[in-house]
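Trainee: This is the structure I have questions about; it appears just below.
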Amino acid sequence: MLTAVSCESRNGQRAIMSEPEMVNYLIELHIAEAQVQNLRLKKDSSNKVFQIYEKHLLNKNGLTDSLFIRSYNYYLQEPEILEQIYETVVDSISVRKSKEDVAK
């Protein structure tokens, strides 16, 4: 409830991402990171590819990098909430991986 109330600032601009938005974005971000790592590029090339992918994910989700950073910094100040977010992220990625393994 507190998060829902704090997601919007007084001027109507989004202050932070909601917990579900954060979970979904982090899932996509970590999957993208793994995909880029699997390309086995040199570090500088890998970083450039990941930056492009990250911009794509932000645009796809209607987010800005400043909103994500502000949100992440907020959740860093709320360790119990951040822990729940990452537990959900890890569980979701594990389920996806299991489904992929079964499908192979």
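The values are calculated or read from the model by the stated rules, or taken from the named source; none is laboratory data. Everything numeric here is computed off the predicted structure, so don't read it as measured data. Positions of Cβ are generated from backbone atoms using ideal geometry, with glycine treated the same way; all protein chains shown enter the neighbour counts.
Trainee: If the requirement is being in contact with a helix residue (DSSP H, G or I) (Cβ under 9 Å, 6 or more places away or on another chain) and not hydroxyl-bearing (Ser, Thr, Tyr), which of these qualifies: Glu87, Glu83, Glu78? Spell out the reasoning first.
Mentor: Working: Glu87 fails: in contact with a helix residue (DSSP H, G or I) (Cβ under 9 Å, 6 or more places away or on another chain); Glu83 fails: in contact with a helix residue (DSSP H, G or I) (Cβ under 9 Å, 6 or more places away or on another chain).
Every option except Glu78 fails the conditions.
So that you can scan it fast, the table gives a plain yes or no per residue for (1) small (Gly, Ala, Ser); (2) touching a strand residue (DSSP E or B) at 6+ places or on another chain (Cβ under 9 Å); (3) modelled with pLDDT of 95 or more; (4) in a helix (DSSP H, G or I):
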position: Met22; (1), (2), (3), (4): no, no, yes, yes
position: Val36; (1), (2), (3), (4): no, no, no, yes
position: Leu58; (1), (2), (3), (4): no, no, yes, yes
position: Asn73; (1), (2), (3), (4): no, no, yes, yes
position: Glu80; (1), (2), (3), (4): no, no, yes, yes
position: Gln84; (1), (2), (3), (4): no, no, yes, yes
position: Ser94; (1), (2), (3), (4): yes, no, no, yes
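Trainee: State which residue is surrounded by the fewest Cβ atoms within 10 Å (Cβ to Cβ) when the search covers only segment 32-71 and only residues that are of a type in the set (Ser, Thr, Tyr) and in contact (Cβ under 8 Å) with a residue 12 or more places away in the chain.
Mentor: Residues of segment 32-71 of a type in the set (Ser, Thr, Tyr): 45-46, 53, 64, 66, 71.
Checking the rest, the ones that are also in contact (Cβ under 8 Å) with a residue 12 or more places away in the chain come to 53, 71.
Numbers: Tyr53: 17, Ser71: 21.
Result: Tyr53.
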